[in-house]
Amino acid sequence: MDVLVSSAGGIATIALDRPAKKNAITAPMYQAMADALRAADAEGAVRCIVIHGTSEAFTAGNDLEDFLKHPPQDESAPVFRFMAAIAGCTKPLVAAVAGPAVGVGTTMLLHCDLVYAGDNARFALPFSQLALCPELASSLLLPMLAGHQRAAEKLMLGEPFGAEEAREMGLVNKVLPAAETIPHALAQAAKLTRLPASSLRATKRLMRSGLGAAIAQRMGEENDQFRAMLTAPEAREAFTAFLEKRKPDFSKFG
Ligand code: COA
């Protein structure tokens with residue numbers, strides 16, 4: 001399996017493990033991540049959840065071949081289940097990010113409470129390059145975090161950015177040598193397990209109070225748009241071009 005789920009000492013860990021494809025996420029992987037998040041959120045013994053990849057890659061985002069062949073049909077698709085699960089998670093979420101964090105690899109961080117990045121981390125939101133639109137309420141949360149213009153630079157131009165810029169933007173708590181990222185995230189998670197779970201849950205809920213409904217509404221709008229765009233010819237050209245290792249040609253589309 002390309003997602004390793006484990007639990008020890010009050011910490012549930014979800015590890016992406018598909019190194020040959022830079023941890024690109026397929027539908028079965030989304031399903032496994034959604035199930036793991038829901039189970040960890042429901043399990044009393046779990047006090048904190050850690051998500052990580054390897055010290056070389058967090059994730060290259062949605063698997064474009066899978067999206068091309070099996071575009072999600074409706075809200076019950078694993079990709080949307082994962083998004084609902086991470087946005088609705090009531091326990092502290094800690095992420096360790098190293099190497100590429102593309103698309104959902106960056107947008108999921110907007111729903112994490114603590115984010116640690118390796119100095120090799122490379123964030124990117126290439127939705128426009130792929131003829132898609134933002135997801136996971138990033139069209140709401142990124143402008144709130146970074147300001148409209150900076151968010152537009154990331155969401156429209158899709159320019160990659162490094163760990164230092166992500167930290168300065170407020171997306172990342174701390175930048176570490178890549179090999180130290182996962183151990184540090186686990187150490188921070190261990191600190192959380194020693195705190196009263198009720199207080200952490202209340203703090204998380206209060207920090208998002210008033211935003212929850214807006215996030216859910218925006219995700220609904222984004223998902224409708226995203227689904228429609230996924231099967232449009234522009235996105236199919238973008239995905240095919242990536243898989244054929246060539247530049248996309250959008251000149252034939254209006
Ligand atoms: N979907 C499917 N396959 C992917 C993938 C993705 N999102 N990202 C990488 N891969 C595959 C590559 O096709 C390649 O497969 P191959 O060895 O069979 O040719 C393998 O993973 C390694 O990727 P490669 O591009 O050679 O690694 P890199 O280190 O040069 O670049 C990335 C890493 C992440 C910068 C680059 O792979 C990339 O831009 N991927 C696409 C990211 C993307 O657009 N994601 C969707 C966001 S919505």
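The values are calculated or read from the model by the stated rules, or taken from the named source; none is laboratory data. All values reported here derive from a predicted model rather than from experimental measurement. Every residue, glycine as well, gets a Cβ built from its backbone with ideal geometry; the counts of neighbours run over all protein chains shown. SASA here: full protein model, heavy atoms, side chains in, ligands and nucleic acids out. Shrake-Rupley method; radii C 1.70, N 1.55, O 1.52, S 1.80 Å.
Could you grab me the full set of residues in the stretch 1-57 that are in contact with a Pro (Cβ under 8 Å, 6 or more places away or on another chain), open to solvent by 10 Å² or more (accessible area, probe 1.4 Å) and closer than 23 Å to Gln188 by Cα?
Residues satisfying the conditions are Arg47, Thr54, Glu56.
Counting only residues that are open to solvent by less than 10 Å² (accessible area, probe 1.4 Å) and either in a strand (DSSP E or B) or closer than 15 Å to Gly99 by Cα (or both), how many does the stretch 152-171 have?
Counting residues in the stretch 152-171 that are open to solvent by less than 10 Å² (accessible area, probe 1.4 Å) and either in a strand (DSSP E or B) or closer than 15 Å to Gly99 by Cα (or both) gives 3.
Looking at (1) in a helix (DSSP H, G or I); (2) surrounded by fewer than 16 Cβ atoms within 10 Å (Cβ to Cβ), which is the one condition that is false for Leu109?
Unmet for Leu109, out of (1) in a helix (DSSP H, G or I); (2) surrounded by fewer than 16 Cβ atoms within 10 Å (Cβ to Cβ): (2).
Please find, among Gln73, Gln129, the residue that is of a type in the set (S, T, N, Q), at pLDDT below 95 and on the phi < 0 side of the Ramachandran plot. Even if it seems obvious, please write down each step before you answer.
Details: Gln129 fails: at pLDDT below 95.
Only one candidate qualifies: Gln73.
Hey, can you tell me all the residues within the stretch 58-87 that are open to solvent by 20 Å² or more (accessible area, probe 1.4 Å), assigned to a helix (DSSP H, G or I) and touching a residue at least 40 places away in the same chain (Cβ under 8 Å)?
The answer is Leu64, Glu65, Asp66, Leu68, Pro78, Arg81, Ala84, Ala87.
From the list Val104, Val79, Val50, which one is away from the ligand (no atom under 12 Å from the Cβ) and on the phi < 0 side of the Ramachandran plot?
Details: Val104 fails: away from the ligand (no atom under 12 Å from the Cβ); Val79 fails: away from the ligand (no atom under 12 Å from the Cβ).
Exactly one of Val104, Val79, Val50 is away from the ligand (no atom under 12 Å from the Cβ) and on the phi < 0 side of the Ramachandran plot, namely Val50.
Determine which member of the set Leu140, Leu109, Leu93 is without any contact (Cβ under 8 Å) to a residue 60 or more places away in the chain and more than 9 Å from the ligand (Cβ to nearest atom).
Working: Leu140 fails: without any contact (Cβ under 8 Å) to a residue 60 or more places away in the chain; Leu109 fails: without any contact (Cβ under 8 Å) to a residue 60 or more places away in the chain.
Leu93 is the lone residue from the list that is without any contact (Cβ under 8 Å) to a residue 60 or more places away in the chain and more than 9 Å from the ligand (Cβ to nearest atom).
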